[in-house]
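Remarks on the structure that follows.
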Amino acid sequence: MEHPENDSAYKGLQVNTGVGSQPIVNPYRKARRARPQLSVNDYVEGILKGDVSVLGRAVTLVESTAEAHQAIAQEVIEKCLPYSGKSRRIGITGVPGAGKSTSIDVFGLHVLRQGGRLAVLAIDPSSERTHGSILGDKTRMEKLSQEKDAFIRPSPSAGSLGGVARKTRETIVLCEAAGYDNIFVETVGVGQSETAVHSMVDFFLLIQLAGTGDELQGIKRGIMEMADGIVINKCDGDNVERAKLAASQFRNALFLFPPTPSKWKPEVITYSGYYELGIDLVWDMIDRYFDYVKQTGYFERKRNEQAKYWMIETIDEQLRSHFYNTPEVKALLEQKEMRVLNNEQSSFTAAKDVLDCYFRVLREEMK
Ligand code: GDP
């Protein structure tokens with residue numbers, strides 16, 4: 001007998017019949033089904049209906065590096081293009097701590113109160129490690145993230161700045177087709193990413209802080225030249241006087257800058273994102289800018305320039321990636337690097353050899 005305790009002659013401790021344990025899986029809950037694959041048309045229809053979950057999935061496809069995903073993404077973008085372009089695209093930059101998230105939260109609410117719908121995107125190529133959370137984390141925009149008319153998406157993570165920027169630009173197209181008529185593109189004001197953002201927005205807002213009197217130091221002249229508006233945040237409490245002083249210094253500095261291509265004179269405004277003071281003044285400036293550039297035709301001109309720029313950028317990026325991912329090129333490049341370092345060949349003839357090798361491979365592929 002396997003279990004002696006079940007024998008009636010057994011005198012030892014009896015094993016009580018236990019209570020059957022509950023099934024681990026709740027039988028009333030429907031089994032979770034895998035999300036059905038969407039076709040290109042499903043994506044496009046969902047986006048045009050303003051379905052946020054479909055939009056989110058489409059953006060994930062845009063961000064994916066898998067070739068199959070990219071193929072669908074490109075078709076979806078192509079079909080959404082005719083419905084895009086009708087938004088105000090606003091770039092927002094400032095160093096960490098300038099108050100970007102606080103400000104975007106209140107600027108965003110302002111836009112929603114006026115009846116708009118808002119998508120907040122970000123470009124932060126450095127966010128690979130944290131998977132986009134430094135810039136796009138929804139908890140940073142607490143109020144806005146609870147609004148149904150706001151779509152917040154962190155920066156696409158990983159990849160070159162060019163690649164990340166292209167994905168953000170493509171996401172703009174999808175968001176516009178989904179009916180978002182205001183797009184904010186946020187970037188951290190410390191590097192090259194401003195140029196990328198500048199090349200995809202209509203208005204570029206630079207958030208500054210009043211510092212210790214030498215505000216103009218440490219601000220890259222290039223970034224100031226790109227700005228259509230400079231706003232000094234944290235103009236509250238003890239800081240009001242300093243913020244006002246900083247504003248007048250910025251105004252004087254701008255005076256010395258060459259005219260902007262739009263001929264719009266960038267304005268300097270103080271506000272407080274945290275205490276929600278002066279938000280309407282900032283927005284009034286942005287409204288005036290859009291009226292102005294639409295009237296002068298600069299709005300259209302700039303958008304056309306940007307479209308051309310992005311075509312060339314995309315070609316550049318794809319050529320580069322094809323070139324460097326060609327196995328023959330990779331192998332030869334390694335050899336040539338050694339030769340150049342050992343002074344056995346000049347950089348120029350080595351480059352020519354590698355390029356010749358690439359073109360040979362291309363010709364072979366075409367045969
Ligand atoms: P970000 O790094 O540019 O996104 O900056 P945050 O929005 O996270 O703000 C950085 C810090 O500045 C936070 O502690 C905010 O509470 C504070 N802050 C932001 N805006 C204001 C403001 O208008 N006034 C004051 N006094 N503090 C602010």
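Bear in mind that the values in this text are calculations on the coordinates, not laboratory data. Just so it is clear, the model here is predicted, and its values are computed rather than measured. Cβ sites come from the backbone with ideal geometry, for glycine too, and all protein chains shown count toward neighbours.
Taking H as built 1.01 Å from N, whose amide H comes closer than 5 Å to the amide H of G91, not counting residues under 5 places away?
The list, which skips near neighbours in sequence, is V185, D202, F203, F204, L205.
What area, in nm² and to one decimal, does the C-alpha convex hull of region 308-366 cast on average over all directions?
Mean projected area for region 308-366: 4.8 nm², to one decimal.
Determine the sum of side-chain charges near D280: Lys and Arg each +1, Asp and Glu each -1, restricted to other residues whose C-beta is under 11 angstrom from that of D280.
Once all neighbours under 11 Å are counted, the net charge is -2.
For R320 paired with V52, estimate the spin-label separation in nm (one decimal), with each label point 7 Å from Cα along the Cα-to-Cβ line.
3.5 nm
Over what distance in Å are the Cα centres of region 222-279 and region 58-104 separated?
For region 222-279 versus region 58-104, the Cα centre distance is 27 Å.
Would you please put 103-111, 230-238 in order of how densely packed they are, using the mean number of other Cβ atoms within 10 angstrom per residue and starting with the highest?
By packing density, highest mean first, the sequence is 103-111, 230-238.
Going by average Cβ neighbours within 10 Å, how do the peptides 298-311, 75-88, 336-349, 163-176 rank, with the highest at the top?
Details: 298-311: 13.8, 75-88: 16.2, 336-349: 12.0, 163-176: 23.4.
The packing order, highest mean first, is 163-176, 75-88, 298-311, 336-349.
Run the numbers for E328 and K302: contour at 0.36 nm per residue of separation, minus the present Cα-Cα distance, in nm.
The span from E328 to K302 would gain 5.3 nm if fully extended.
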